[in-house]
């Protein structure tokens, strides 16, 4: 009697569940029970479906391919069959169903039927499709934009170089014939032309990041040492101290990682306090599934409200008279770190210095 009471209680509880279609099928796949969730998900009343085969909910193509029968067969052999796909409601509308069919046995281990649980995941599926489409559109737009920047920058170099060449010729041949104002104007033209050439080169560098995607093992110790050789004149000029702790071997893009370290070290030297010798410390920390690299300095520092701005292309916090540059170095750094599926962050106190952190995951693909 207690067993019958429990069985009745469970049946009543299942019958009241509305978020899931829960039904019992006999060994042939004939529907024997129908709950409120099944009415809500599939649109049928119990008297319309009980006694019919559950292939009723499948598309013509699925029925022709015997998908319902194959699911029953899988559940019988393996104990459970799981599937996701389009199903048909009573009114003909399609819905994306997550289905689980489980074999039920009696005390003698004889198959007596199947439980079938269905959940309507149409909203989730459509959201995922929409997100994928948006992501693909964004990738396409970014690719178009980078291609445009590359082509535009490349094509701008030739006429600009012609202008610079003629300025040099003009200077060489007519300097003595120019009055003071003309010479001043020519210097302005030359300065602007050279600055434009530097901007175009920066755009090209930015657009090329990640173009040659061949990840490999990169020894950051060797990369940092090579970068210091390239920056030797800047280091000597500022009498900078660059301390490098043992850096790891990571998996990534060697050209871009070299550019990343070079930009960070160069910035640390450049934005030093007047009269104070720059001290730069580079270290690493092992975290789960990634390396975290830290580059700190004792420079001028950055106000917190400007943290987001410094990583934007061509955004400057200081005039060119104070600090040279085009405002693209940290934008390059951010793009390189994101290429490696990492994050670039900064901590800074004005007047005391800055620390840049970036992480390189063990897998970048």
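Readers should treat all values here as calculations from the given coordinates under stated rules, not as data from a laboratory. As the structure is a computational prediction, the values presented were derived from the model and not from experiment. Here Cβ is always computed from backbone atoms with ideal geometry, including for glycine, and neighbour counts include all displayed protein chains.
Please give the FRET efficiency for residue 305 paired with residue 125, using the beta carbon to beta carbon distance and R0 = 45 Å, rounded to the nearest 0.05.
So, using R0 = 45 Å, E works out to roughly 0.60.
Starting from 0.36 nm per residue, how many nanometres of slack lie between residue 105 and residue 50 once their C-alpha separation is accounted for?
On the way: separation 55, 0.36 × 55 = 19.80 nm, distance 2.10 nm.
Once the chain is fully extended between residue 105 and residue 50, it gains 17.7 nm.
Find how much the distance from residue 363 to residue 40 grows on full extension, using 0.36 nm per residue of separation minus their present alpha carbon separation; answer in nm with one decimal.
Working it through step by step, the gained length comes to 111.8 nm.
Could you list 187, 197, 258 in order of exposure, starting from the residue whose Cβ has the fewest other Cβ atoms within 10 Å?
With the fewest neighbours first, 187, 197, 258 line up as 187, 197, 258.
Nearest 0.05, what FRET efficiency do residue 134 and residue 26 give at R0 = 51 Å with Cβ-Cβ as r?
0.65
Hey, rough spin-label estimate for residue 287 and residue 180, points 7 angstrom out along Cα→Cβ, what's it come to in nanometres?
Going from the residue 287 label point to the residue 180 one covers 6.0 nm.
Of 34, 96, 86, how do they rank once you tally other Cβ atoms within 10 Å and put the fewest first?
Ranking 34, 96, 86 by Cβ neighbours within 10 Å, fewest first, gives 86, 96, 34.
Extending each Cα 7 Å along its Cβ direction at residue 61 and residue 277, get the distance between those two points in nm, one decimal.
Inter-label distance under the simple model: 7.4 nm.
Find how many whole Å separate the alpha carbon centroid of the stretch 161-182 from the alpha carbon centroid of the stretch 74-119.
Taking the Cα centre of the stretch 161-182 as reference, the centre of the stretch 74-119 is 84 Å away.
For residue 234 and residue 255, FRET efficiency with R0 = 25 Å and r from the beta-carbon atoms, rounded to 0.05? The partial results should precede the final answer.
Details: r = 21 Å, r/R0 = 0.82.
The pair residue 255/residue 234 has a calculated efficiency of 0.75.
Between residue 164 and residue 241, what length comes free when the chain is fully extended (0.36 nm per residue of separation minus the Cα-Cα distance, one decimal in nm)?
24.0 nm
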